[in-house]
Ligand SMILES: C[S@@+](CC[C@H](N)C(=O)[O-])C[C@H]1O[C@@H](n2cnc3c(N)ncnc32)[C@H](O)[C@@H]1O
């Protein structure tokens, strides 16, 4: 979470999209830290969405600025240019055909909107681990940077080998 926050070079403001927020911890923490942000979390798993909603309900002050919905990152239901920023924490490697999710994030971001990514790379999933926790998608940092650029993002910073941290801006 701190590393993901390190990607933001200032306070987050406006409408933010969380891909795969799970039970909502990072989204609730971001909402607490950035009172000028309104956050929408989209997770594929209805059980996770339910738990995220319960965690949100326990923080009444955040309810007006945070929502969790069930949905698929690869086919988002929002109109184009809805969000000021988007983020994902360990989600793209769970999505088979993660390029569709990258394209969707670009579509729903406003021009100039930021996309913050923290994910696990091909170097994290060494063969033994790969069998224990099979990822749906595998990529290196260089591949992910190339995929983001090809989808219409400018990559502003990229670091990490096993765990990748990227800040990109929608062109
Ligand atoms: C490893 S968890 C990460 C959860 C949270 N971001 C965190 O770091 O604690 C991956 C999450 O991605 C969600 N997910 C997987 N495929 C998805 C998809 N196609 N669209 C949206 N969410 C998805 C899963 O349901 C799960 O909650």
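Kindly indicate the residue of region 71-103 that is over 24 Å from residue 171 (Cα atoms) and surrounded by 14 or more Cβ atoms within 10 Å (Cβ to Cβ) and also nearest to the ligand (Cβ to nearest atom) among those meeting that condition. Per the criteria, the residue is 94. Pairs meeting the criteria (first residue in region 31-43 and within 13 Å of the ligand (Cβ to nearest atom), second residue part of a loop (DSSP other than H, G, I, E, B), beta carbons under 6 Å, at least 6 apart or on different chains) are 41/21; 42/71; 43/20; 43/21. Of all the residues in region 4-16, those that are outside any loop (DSSP other than H, G, I, E, B) and either more than 16 Å from the ligand (Cβ to nearest atom) or within 9 Å of residue 84 (Cβ to Cβ) (or both) number 3.
Per the listing 125, 116, 165, the residue uniquely in contact with a helix residue (DSSP H, G or I) (Cβ under 8 Å, 6 or more places away or on another chain) and modelled with pLDDT under 95 is 125. Restricting attention to region 2-36, the residues being within 15 Å of the chain's Cα centre (by Cα) and either under 15 Å from residue 115 (Cα atoms) or crowded, with 16+ Cβ neighbours inside 10 Å (or both) number 22. Can you confirm whether residue 52 is within 13 Å of the ligand (Cβ to nearest atom) and surrounded by 13 or more Cβ atoms within 10 Å (Cβ to Cβ)? For residue 52, the condition - within 13 Å of the ligand (Cβ to nearest atom) and surrounded by 13 or more Cβ atoms within 10 Å (Cβ to Cβ) - is met. For region 153-168, a residue qualifies if it is crowded, with 16+ Cβ neighbours inside 10 Å and part of a loop (DSSP other than H, G, I, E, B), and exactly one does: 160.
The values are calculated or read from the model by the stated rules, or taken from the named source; none is laboratory data. Everything numeric in this text was worked out from a predicted model, so none of it was measured. Methodologically, a virtual Cβ is constructed for each residue, glycine included, from the backbone with ideal geometry; neighbour enumeration extends over all protein chains shown.
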